[in-house]
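Take a look at the structure below.
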Amino acid sequence: MFLRLKFIAFVAVVSVALAVAVDVDKNADLVAKLRVANTNLDRMNLLPNDADWLFDFTKQDKYTFSPGGVINANSATFPAATGQGMTMSMLNLGPCSMLPPHLHPRAANYVVAISGTTQTYMIAENGARTVTETLQAGQMTIFPQASIHTMMNIGCENAQLISALSSDDTGTTNLANAFFSFPQNISGTVIGGGLNTQAIYGRVPPFGTGSNAGPHDCIAACAKKGKMIKRQPPARDE
Ligand SMILES: *[C@@H]1O[C@H](CO)[C@@H](O)[C@H](O)[C@H]1NC(C)=O
């Protein structure tokens, strides 16, 4: 009985987490119809209003600079993107904020800086060198499909970037969340030294808005300059 209650609580927590963490279908029925529509004219008839073709990044839940957020216009959040072969994303990073190391299983990713100074790292596969760039406004880099990449705002001003991805359903896999979710006898064995990887897993930030707060040193230095907005305590919502 107690176990069953625990299981129900677990399911409830996980469902809430998914709703917050990953893009939720805004209109799954419409997207399903768009995917099977015979012709483009059929698709146009399924999107009859001008409002169906407008996506406002600034009005989405993940549009925040505290610490930051990844706002995706894709088939889940913007049905008109269905079948277009692209996702357009806006990346907001508050001072020092980062996107933790992750990959997109189904998309190459072109990232253009609009403002701020953002350091990026990319590893294409085992044996490939680590490519790193510091992006200023007007500069871009490429994260090839399934490459592991991460970025950090290394300035004390907000940074904003635009990301174009080659699928309307890119997927995102966070490395630390995936690795530390494996049993101790897998992740603990890889790391060795008797480290309790389940305890580490409890410290890995949830997917949240896609962005995490950055290093303490950076935040402290920016706070000294009066550049940090007051933060909400991070929600443990994964
Ligand atoms: C590894 O740990 C998992 C979860 O605790 C367990 O189910 C599995 O049997 C273990 N495997 C080995 C080889 O001990």
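The values are calculated or read from the model by the stated rules, or taken from the named source; none is laboratory data. In this text the structure is predicted, and so the values were computed from the model without any measurement. When we count neighbours, we look across all protein chains shown, and the Cβ atoms used for this are built from the backbone with ideal geometry, even at glycine. Accessible surface areas use protein heavy atoms only, side chains included; no ligands, DNA or RNA. Shrake-Rupley method; radii C 1.70, N 1.55, O 1.52, S 1.80 Å.
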For this session: Would you mind checking the pairs K33/K62; K26/K225; K59/K225 and listing those with alpha carbons more than 31 angstrom apart?
Result: K26/K225
Seminar exercise, completed: Expected vector for region 192-200, Karplus 3J(HN,Hα) from phi with 6.51, -1.76, 1.60 and θ = phi - 60°, integer Hz, x for Gly and Pro, equals x, x, x, 5, 7, 6, 5, 5, 5
Exercise. If you average over every viewing direction, what projected area does the convex hull of the Cα atoms of the chain give, in nm²?
Worked result: 16.9
For this session: Take the alpha carbon atoms of region 169-228, find their center, do the same for region 123-139, and report the distance between the two centers in whole angstrom.
Result: 20
Problem set entry | Exposure ranking of F65, F207 by accessible area [1.4 Å probe, largest first] | F207, F65
For this session: For region 41-54, take each phi angle, set θ = phi - 60°, evaluate the Karplus expression 6.51 cos²θ - 1.76 cosθ + 1.60, and give the result in whole Hz per residue in order, putting x for glycine and proline.
Result: 5, 4, 5, 4, 5, 7, 10, x, 9, 4, 4, 5, 10, 10
Exercise. Got a sec? Charge dipole of region 5-224, +1 on Cβ for Lys and Arg, -1 for Asp and Glu; which of V24, S75, G85 is way out at the positive end?
Worked result: V24
Exercise. If you roll a 1.4 Å probe over region 23-140 with all protein chains in place, what percent of the accessible area is carbon or sulfur?
Worked result: 53
For this session: Go ahead and set up a Gaussian network model of the chain, Cα springs under 10 Å, then flag whichever of A159, A213, A51 fluctuates most.
Result: A51
Problem set entry | the chain - accessible surface per residue (Å², probe 1.4 Å) | 58
Exercise. For the chain, what's the relative contact order in percent, using C-alpha pairs closer than 8 Å and at least 6 residues apart?
Worked result: 24
For this session: About the Cα centre of region 5-224, how large is the charge dipole given +1 on each Lys and Arg Cβ and -1 on each Asp and Glu Cβ? Please answer in debye to the nearest 20.
Result: 440
For this session: For region 139-194, just the Cα atoms, rotate onto the principal axes and tell me the three extents in Å, largest first.
Result: 43, 33, 14
